[in-house]
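Heads up, the thing below is written out as structure tokens.
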Amino acid sequence: MALEQNTIIQSLSDRFGGSVSDFIHIHDILTFEADSESILEVMGYLKDDPTLRFNFLTDVCGMHFPDADKSRQFSVVYHMHNWIDNVRIRIKCYLNGDNPEIDSVTSLFLGANWQERETYDFYGIIFKGHPQLKRILNMDEMVSFPMRKEFPLEDGGRTDKDDRFFGRTTDNYTQS
Amino acid sequence: MEDQTKKIITDAKAPDGFSGEGFFATKLDSVVGMARANSLWPLPFATSCCGIEFMATMASHYDVARFGSERMSFSPRQADMLLVMGTIAKKMAPILRQVYEQMAEPKWVISVGACACSGGIFDTYSVLQGIDKIIPVDVYVPGCPPRPEQILDGIMRLQDMVRTESVRRRSSPEYQELLASYNIS
């Protein structure tokens with residue numbers, strides 16, 4: 001029999017109580033919030049429980065909300081997939097803006113290695129216990145975390161761009 | 001008679017000089033320039049769509065071999081003309097620089113396409129905003145991507161420069177200064 005959403009919610013709530021919350025079905029996937037301290041336990045349970053069987057970690061990524069409350073400025077999002085029943089699930093963990101840290105899940109899924117490195121590379125989120133937490137896509141000399149909102153998207157070294165052609169001046173004719 | 005007048009001349013044009021019965025006198029610069037210009041060995045450094053246009057340029061239809069560049073060199077040590085085609089990420093920049101440094105003098109650089117010339121549409125943290133930020137460039141070919149005709153035109157413009165370049169330019173203080181401004185010794 002297919003794995004029902006209610007079964008998942010019931011099972012997680014019974015096991016973890018207040019550590020998991022805000023269950024919502026959004027964009028075709030059951031989504032919930034987990035305390036960042038409990039991510040390893042929650043993910044291990046989803047993976048190893050004989051009913052739930054979320055055997056595959058599809059994706060790890062970050063989010064940044066600079067205007068949110070200090071304790072919820074960063075988020076790590078995990079997508080898991082149960083191949084047997086073909087059911088997916090999404091987990092969100094919110095992190096402190098000053099000190100974004102979370103346990104690495106590489107002990108459960110080796111495939112998380114590069115995905116956590118990428119999340120660190122772009123958001124500066126520290127994954128505790130990661131075997132090799134260093135930049136993966138950007139150059140090693142880079143000092144900023146480019147997907148954070150305070151970091152300008154455009155390169156400062158650009159010399160040939162005229163603001164008049166990009167609708168950035170109020171008057172397109174008088175700028176020198 | 002008519003066949004003779006319609007004959008296409010494929011020889012390189014002789015430089016200016018004095019000719020007479022059994023002799024021809026010209027400058028060493030001109031002879032060396034002519035030889036260099038008609039035998040530029042290209043090093044293609046292709047990272048994206050401009051590289052596809054270059055493949056067409058070197059294939060039979062456009063045939064860059066007509067300009068003395070039939071031999072693609074994939075070793076920088078045996079190349080005269082570096083063609084940079086495509087977006088150069090900042091992470092790629094040190095590699096491009098190393099390739100340039102490994103080329104023997106005299107060497108020339110053609111920057112093909114908007115991305116190599118200025119960063120193109122990629123005005124972003126990860127992309128080098130023009131290869132002239134790290135190596136000197138002789139000819140810029142605009143376009144996104146440029147058609148093979150434009151790349152050929154760029155090569156011909158470079159040939160003009162090579163043909164008229166002094167044999168002493170590479171040891172001139174101006175050239176040393178140019179390299180020094182890029183921190184290349």
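The values are calculated or read from the model by the stated rules, or taken from the named source; none is laboratory data. As the structure is a computational prediction, the values presented were derived from the model and not from experiment. When we count neighbours, we look across all protein chains shown, and the Cβ atoms used for this are built from the backbone with ideal geometry, even at glycine.
Scan the range B:116-136 and tell me whether some residue there is hydroxyl-bearing (S, T, Y), surrounded by 18 or more Cβ atoms within 10 Å (Cβ to Cβ) and touching a strand residue (DSSP E or B) at 6+ places or on another chain (Cβ under 8 Å). Within the range B:116-136, not a single residue is hydroxyl-bearing (S, T, Y), surrounded by 18 or more Cβ atoms within 10 Å (Cβ to Cβ) and touching a strand residue (DSSP E or B) at 6+ places or on another chain (Cβ under 8 Å). Restricted to the range A:1-11, and to residues there that are touching a residue at least 12 places away in the same chain (Cβ under 8 Å) and part of a loop (DSSP other than H, G, I, E, B), the residue that is nearest to A:V42 (Cα to Cα) is A:L3.
Within the range A:118-143, take every residue that is out of contact with any Pro (no Cβ under 6 Å at 6 or more places or on another chain) and β-branched (V, I, T) and give me the one that is surrounded by the fewest Cβ atoms within 10 Å (Cβ to Cβ). Per the criteria, the residue is A:V143.
Here is the figure for the range A:91-117: residues that are surrounded by fewer than 18 Cβ atoms within 10 Å (Cβ to Cβ) and of a type outside the set (F, W, Y) total 10.
Among the residues of the range A:17-27, the one identified as in a helix (DSSP H, G or I) and touching a Ser or Thr at 6+ places or on another chain (Cβ under 8 Å) is A:S19. Against the numbered list (1) in a strand (DSSP E or B); (2) out of contact with any Asp or Glu (no Cβ under 9 Å at 6 or more places or on another chain); (3) within 20 Å of A:Y120 (Cβ to Cβ); (4) not hydroxyl-bearing (S, T, Y), A:L30 comes up short only at (3). Is it the case, given these coordinates, that B:S69 is among the small types (G, A, S) and touching a helix residue (DSSP H, G or I) at 6+ places or on another chain (Cβ under 9 Å)? The answer is yes for B:S69.
Just to be sure, is B:F74 aromatic (F, W, Y), within 24 Å of B:D138 (Cβ to Cβ) and surrounded by 14 or more Cβ atoms within 10 Å (Cβ to Cβ)? No; evaluated as a whole, the condition is false for this residue. Would you check if B:Q150 is surrounded by 15 or more Cβ atoms within 10 Å (Cβ to Cβ), of a type outside the set (A, V, I, L, M, F, W, C) and either under 16 Å from B:V64 (Cβ atoms) or modelled with pLDDT of 95 or more (or both)? Judged against the criteria, B:Q150 is a match. Between B:R147, B:R168, B:R163, the distinction of being free of Cβ contacts under 8 Å to residues at least 40 places away in the same chain and of a type in the set (K, R) belongs to B:R168 only. Against the list (1) surrounded by fewer than 14 Cβ atoms within 10 Å (Cβ to Cβ); (2) outside any loop (DSSP other than H, G, I, E, B); (3) within 17 Å of the chain's Cα centre (by Cα), the condition A:D14 fails is (3).
Residues in the range B:121-148 that are facing another protein chain (nearest Cβ under 10 Å) and hydrophobic (A, V, I, L, M, F, W, C): B:F122, B:V127, B:L128.
Give A:F54, A:F74 a once-over and let me know the one that is buried (at least 19 other Cβ atoms within 10 Å of the Cβ) and closer than 19 Å to A:K128 by Cβ. Result of the check over A:F54, A:F74: A:F74.
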